[in-house]
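The values are calculated or read from the model by the stated rules, or taken from the named source; none is laboratory data. These numbers come from a predicted model, not from an experiment. Every residue, glycine among them, receives a Cβ derived from its backbone with ideal geometry; neighbour counts consider all protein chains shown.
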Amino acid sequence: MEGELEKIAQWMMAAKRIIIFTGAGLSTESGIPDFRSPGGVWDRYNPEDFYFQNFISSEASRVKYWEMATEMYEPMKQAQPNLAHLAIAEMERLDKLDCVITQNIDGLHFKAGNSEAKVIQLHGTAMAVSCLSCMKKYERDEIQERIKQGQKAPRCDDCGGILKPATISFGQSMPERETQEAYHRSSLSDLFIVIGSSLVVQPAASIPMIAKQNKAKLIIINRDPTPYDDIADIVIHRQAGSTMASILEKLKQGLGTK
Ligand SMILES: [Zn+2]
């Protein structure tokens, strides 16, 4: 194990374009419940209420959606970045990060200190709300306040359009700019590190393959096995937080910043 962590730190020192790809496992280590797991929030709602088409066409679906979204938002808002988030933010300060590509919607990379320019949010963000008609953006807290005061499916101040958290729902297409940026950067990467993603949600999960096909080294740090373990250069089935903290320590020693 120590040998592998050492090797990763050495590869990081040599690499010019390091990409970190993060998924739900990173969020659960910060105490955010995995809403897909048995007994999770999703078990108590009808998934059909959350398809984008239904959200657009049915007021009843929107009311249900906001109920569930409100239930999921509170733990997300309270959550704090863990050691892995902090290590990734430190990589940016050390100029050892091309970008973070994340499937997470909780904004924890920003709370940890990464800058807006370095984080590509493939599935959007729960920290903002947008109007589906005029695209006006709102702070999530502002809209949650309206819900607390009794609005069940809030509407846009400017145009009366439907408001929705700025996340990507079932049946909603992936954000074009973010997806293209992720593919482009991955194709240029020379070291690609997956952290806390089981690499099963497509098309996001195919992104590490782009890097690998272009000769990047691929590292997977995830508690459970993934479909891409066989093609990875190093696989570590452990918690992300402690693993990333050890790697960061070795990286800093190597760079002489410690
Ligand atoms: Zn609007």
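Quick notes
- Flag for ARG177 being of a type in the set (Lys, Arg) and either closer than 30 Å to ALA245 by Cβ or at pLDDT below 95 (or both): yes
- One residue from SER198, SER242, SER187, SER169 being touching a helix residue (DSSP H, G or I) at 6+ places or on another chain (Cβ under 6 Å), farther than 19 Å from THR125 by Cβ and either modelled with pLDDT of 95 or more or crowded, with 16+ Cβ neighbours inside 10 Å (or both): SER187
- Positions within segment 156-165 being surrounded by 15 or more Cβ atoms within 10 Å (Cβ to Cβ) and out of contact with any helix residue (DSSP H, G or I) (no Cβ under 8 Å at 6 or more places or on another chain), in sequence order: CYS156, GLY161
- Taking segment 108-195 and the strands (runs of 3 or more DSSP E) fully enclosed by it, the elements with 3 or more residues that are away from the ligand (no atom under 16 Å from the Cβ) and at negative phi are at 119-121, 124-131, 191-195.
- Any hit, segment 111-134, residues being surrounded by fewer than 19 Cβ atoms within 10 Å (Cβ to Cβ) and touching a residue at least 60 places away in the same chain (Cβ under 8 Å): yes
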